[in-house]
Amino acid sequence: MYWLDPFHYLIEGLVAAQLHDVEVRCEGDEFSVFNTPAGQTCGQYAAEFMKTATGYLNNPNATSDCQYCQYTLGQDYYQGLDISYDNIWRNVGILCIYLVFNLVMVIIGIRFLKWNRR
C-alpha cells in the first residue's frame, strides 16, 4: 500500500524540493562528540572515515572532543529515506494521474449509479 498512497509522492516531492542543496550547519548540542588517541588530531584520526561519510568535522585540528556533524547538505538527510531529487516531476505526474483517475471515477459513479430520487 505504501506505493499506492498519493501522500507518499506528495511528501517525497516536497521534502526533496525544500532540502535540495540546503547547507546544514549543526549547533553545539547536535554534534557527535568523540575523542582521539593520544598524539592525533581529529582530522588525522577520522581521515579514513571522512572519505566515505557525509557530514563534516567542526574542529579538525583539535586533539580532544572532536565534533562531527553527519549532514553537510539537505540531500544527505533525505537520501537515507530513499528520496531522490530526480523524482520530483515523476511525483507531480503520479499526483496528476491520481487526481484525474479519481475525477473520472466520480463522474462514472454519478452517471451509472442509480440512487432513489425523492
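A short reminder: the numbers here are calculations on the coordinates, not readings from a lab. Nothing here was measured: the structure is a model prediction, and the numbers come from that model. For neighbour counting, all protein chains shown are included, and Cβ atoms are generated from backbone atoms with ideal geometry for every residue, glycine included.
Checking each residue in the range 1-37 for being in contact with a strand residue (DSSP E or B) (Cβ under 9 Å, 6 or more places away or on another chain) and assigned to a loop (DSSP other than H, G, I, E, B) picks out HIS20, ASP21, VAL22, VAL24, ARG25, CYS26, PHE31, ASN35, THR36. Looking at the range 36-64, which of its residues are more than 26 Å from SER84 (Cβ to Cβ), out of contact with any helix residue (DSSP H, G or I) (no Cβ under 9 Å at 6 or more places or on another chain) and surrounded by fewer than 16 Cβ atoms within 10 Å (Cβ to Cβ)? The answer is ALA38, GLY39, GLN40, GLN44, ALA47, GLU48. Taken over the range 1-25, the criterion of being surrounded by 11 or more Cβ atoms within 10 Å (Cβ to Cβ) and without any contact (Cβ under 8 Å) to a residue 40 or more places away in the chain is satisfied by ASP5, HIS8, ILE11, LEU14.
Hey, could you check the range 65-103 for residues that are surrounded by 13 or more Cβ atoms within 10 Å (Cβ to Cβ) and among the aromatic types (Phe, Trp, Tyr) and say which is nearest to GLN44 (Cα to Cα)? The qualifying residue nearest to GLN44 (Cα to Cα) is TYR68.
Taking the condition without any contact (Cβ under 8 Å) to a residue 24 or more places away in the chain and at positive phi, does GLY93 pass? Judged against the criteria, GLY93 is not a match.
Applying the criterion of at least 3 residues that are over 30 Å from ARG25 (Cβ atoms) and of a type outside the set (Phe, Trp, Tyr) to the helices (runs of 4 or more DSSP H) found wholly in the range 38-118 leaves 88-112.
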